[in-house]
Structure formats: C-alpha cells, structure tokens
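A quick write-up on the structure given underneath.
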Amino acid sequence: MSRAPIPLLEPREGIPPVIADADALAGVTAAFAGGSGPVAVDAERASGYRYGQRAYLVQLRREGAGTALIDPVACPDLSGLGAALADAEWVLHAATQDLPCLRDIGMVPARIFDTELAGRLAGFPRVGLGAMVENVLGFVLEKGHSAVDWSTRPLPEPWLRYAALDVELLVDLRDALEKELDRQGKLEWARQEFDAIASAPPAEPRKDPWRRTSGMHKVRRRRQLAVVRELWQARDRIAQRRDVSPGKVLGDAAIVEAALALPPNAHALAALNGFGRVNRRQLEQWQMSVDRARALSESQLPQPGQPVTGPPPPRAWADKDPAAAARLTAARAGVTALAERLNMPQENLITPDTVRRVCWQPPETVDAESVSAALAGHGARPWQVEQVTPVLVAALSGEGA
C-alpha cells in the first residue's frame, strides 16, 4: 500500500527576501556561482494581465546557494547571473515556456533538463509540475497562484511561498526522472531533445498574427478579414501603450462580431456584443478602424488564407492524391502503434507535420537511408530517425504498419 503524499507547505530555509537591487543581485550571483550541481530555474509571467510575456519573478535554487527570488523589473539585466551559471545544467519544467522571457533578461542556458518533457518521454500520463512531484517524489505542491497577476508589487507572501516551492524539489525531480529514463533506455533520447531546445534560435515573429484571432473560422469575406486586421492592430497598439493584455482592451469575440457586421457608424457598432459599454471616444476609435477597412481597395484586402508552404490539409489528400492519402493512413497507424509500444505521446516520438511532409513528398527511392535523410532534413533528432524510419519505410512501400 503506497503512503499518502506529503503536503509541502514551506521552503526548507523559509521564504527568501526578493532581490531588487544591484548589491543584493551581486551577492546572489556570487552565491550561485559558488554552488554545485544543477540549478533549478523558473519564471513567473503576467499572462492575461500585462502586454507581452516578460518575466515578473525569477526563482532559482542550487545546492550550496539555497533559493533566490529575483525581481526582474527592478533588476532587468541578469546577464551577469546567467554568465555565472553558464557551465551549470539548468533544470526547468516546460522549458520552452520560460526560455523566451529568460533570454530577454540575459539568462541563456547552454544545457538544460526539462522535467515536463522527461515525464512525457518516460510515459507519465500527467506531466504538470504538481502531478510529477506528487507521483515521482510523493509531495503535494500547492498550485493556487499559477494564474495570478505577477506584476503586482509588492508580491504577497503566499505568492512568494508558492514561487519558492516551485523550485524546491525541481532538482530532486530531475534526478529521479533521469534514473527512470535510464531504466527505460530513453536517457540518450531525452538528452537529444534537451540539446535541441537549448540550441534552438529565438522564434521568428509570427507573420500576420491577427489571423490567430479566436473565431476567425467564421470570417470568410476579404473585407471582413480587413476589419479583423485593422481592429486587431489598433487593439495591439493600445495594449502595448497601456501595458495590458490585449484581451482586456477588446475581446476577440467583439472583433469577429464587428467584422461580420461591417457596421457603417459608431451607433451601429455600439449595438454589437462587446462594444455596448465602451465610452464614446473609444467607440469612435474602433469605428475608425472599421472605416479604414471599408475604404480599402480590392487589391489592398488580405487574402482569405496564408500561403501554404507544406502539404495541403490531410482531409483534402484523398481527392488530390489518393496514393499519398494511403501512405499517410499507413504511416499514422504505424507511428501510433510504435508510440504505444514505447509508452510516449505520438507527437514526442515524431511531429505529425514531419510525417505529413514525408508522406506527401516521399524520397524517390524508398529505403532506410533515404527515409532517414528525409526525417533528419525535417529536423527529427537521431533517436527519432532510428525509431521511426522502419515504420515509414513500410508505410511508403505500401507494406502497412
């Protein structure tokens, strides 16, 4: 009978003071440089409250240095701390979420261990930090403050306790997961995944981000698309200037409703959901955006869809290329079966986009060498190439899974 999980209520050394000036930061930097072993790293953002994804608190823990809570608003340049930890392995949970905001303040790891990704590769059904700490280490973390406004100053003590506890057991979790991955023969796979994350360049700004407005599937006509674009861009400028989340300025649903209605004046706009409580001056600003879209020439209107660089949507394959559709069906079945045997999510075994691209445009000669080269060309890691190549060779050859 397994023992009940133990609530983790307080950091081992108590809640450390928040580092908010150069002298205190220099002391922390020296302490962490003198520590040993991996360093646990976490960051808290104010998603849904502030514009962008900047960090509003950075938490670290390392053997010999204890835990540090750093205010990156008061200390916006942490490159000295990052340099002091350059030789250490950084342990993060869901690293791709935190690395962009850490990079913005000068903290860029050379080596990482991602405990969420490790959990996925090891086959854990729930990979949130709380679930992992409970299932692997037997402790319960309080997760009540994950979605609060971390730009609040001063930060309340319960929030700081929560933040410190987030890194309290991260290195312990890392050590346990390393053993489990090694037991399953997946440790080298995980290392390749971690290296790929650490070495990935910063993401390029998304082209036409307004196209990701929620509810866009309802917007069909080019003039309506132009209204979405104009309102989205106006909202983004206002949100950036006020440093608030765009959704707090104007909701996506209101933007889509205005696009569908194409209101001729502010009175008509005010009758739409999402605009009824807007003051007169703001209402006129939004109507100006609608009017700009209404005044565009046909050649200035956005195209219905973004240019597609890869294969068409799979639902269209049967009509466009029945042989490719058959290859994809066989490949998907083979990948699903292999992922189940390896006890990991399919998307961590190989990305669905990679499978689609290889099936749509397979190598001229279907053999292990050419399929391996195609997978590698699409960014698959060596371990993925080794595992998936036999499945795709069979699918592309018409031999089934």
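Whenever a residue of region 138-159 is touching a residue at least 40 places away in the same chain (Cβ under 8 Å), its partners that are hydroxyl-bearing (Ser, Thr, Tyr) and in a loop (DSSP other than H, G, I, E, B), lying with C-beta atoms within less than 7 angstrom and at least six residues away or across chains, give the pairs Asp149/Tyr49; Ser151/Tyr49. For region 371-393, the set of residues classified as surrounded by fewer than 17 Cβ atoms within 10 Å (Cβ to Cβ) and outside any loop (DSSP other than H, G, I, E, B) consists of Ala373, Ala376, Gly377, Pro382, Glu386, Pro390, listed by residue number.
For every residue, the table says whether it meets (1) surrounded by fewer than 17 Cβ atoms within 10 Å (Cβ to Cβ); (2) closer than 22 Å to Ala20 by Cβ; (3) in contact with a Lys or Arg (Cβ under 6 Å, 6 or more places away or on another chain).
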site: Asp114; (1), (2), (3): no, no, no
site: Met132; (1), (2), (3): no, no, no
site: Asn135; (1), (2), (3): yes, no, no
site: Gly144; (1), (2), (3): yes, no, no
site: Leu165; (1), (2), (3): no, yes, no
site: Glu168; (1), (2), (3): no, yes, no
site: Trp189; (1), (2), (3): no, no, no
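Within region 64-92, residues that are in the same structural domain as Arg54 (by TED's automatic domain parsing) and over 17 Å from Ala43 (Cα atoms) reach partners that are among the aliphatic types (A, V, I, L, M) and part of a strand (DSSP E or B) with beta carbons closer than 6 Å, at six or more positions or on different chains, in the pairs Ala88/Val39.
Within region 196-203, one or more residues are in contact with a helix residue (DSSP H, G or I) (Cβ under 8 Å, 6 or more places away or on another chain), at pLDDT below 95 and not in a helix (DSSP H, G or I). Within region 342-365, the set of residues being within 27 Å of the chain's Cα centre (by Cα) and either surrounded by fewer than 15 Cβ atoms within 10 Å (Cβ to Cβ) or part of a loop (DSSP other than H, G, I, E, B) (or both) comprises Asn343, Met344, Pro345, Glu347, Ile350, Thr351, Pro352, Asp353.
Among the residues of region 219-254, those that are part of a loop (DSSP other than H, G, I, E, B) and either over 29 Å from the mean Cα position of the chain (by Cα) or over 16 Å from Asp208 (Cβ atoms) (or both) comprise Arg220, Arg221, Asp243, Val244, Ser245, Leu250, Gly251.
Given the condition assigned to a helix (DSSP H, G or I) and either in contact (Cβ under 8 Å) with a residue 12 or more places away in the chain or out of contact with any Lys or Arg (no Cβ under 7 Å at 6 or more places or on another chain) (or both), answer yes or no: does some residue in region 302-309 qualify?
No, region 302-309 contains no residue that is assigned to a helix (DSSP H, G or I) and either in contact (Cβ under 8 Å) with a residue 12 or more places away in the chain or out of contact with any Lys or Arg (no Cβ under 7 Å at 6 or more places or on another chain) (or both).
Among the criteria (1) assigned to a loop (DSSP other than H, G, I, E, B); (2) aliphatic (A, V, I, L, M); (3) at pLDDT 95 or above, the one Ala331 does not fulfil is (1). The set of residues in region 27-49 that are under 19 Å from Leu155 (Cβ atoms) and assigned to a loop (DSSP other than H, G, I, E, B) comprises Ala46, Ser47, Gly48, Tyr49. What are the residues in region 255-269 that are over 36 Å from the mean Cα position of the chain (by Cα) and surrounded by fewer than 17 Cβ atoms within 10 Å (Cβ to Cβ), if any? Scanning region 255-269 gives Pro264, Asn265, His267, Ala268.
In region 32-52, the residue that is modelled with the lowest pLDDT out of those that are of a type in the set (Ser, Thr, Tyr) and closer than 30 Å to Gln240 by Cβ is Ser47.
The values are calculated or read from the model by the stated rules, or taken from the named source; none is laboratory data. The structure presented is a predicted model; accordingly, all values stated were derived computationally and were not measured. Cβ: placed from backbone, ideal geometry, glycine included. Neighbour counts: every protein chain shown.
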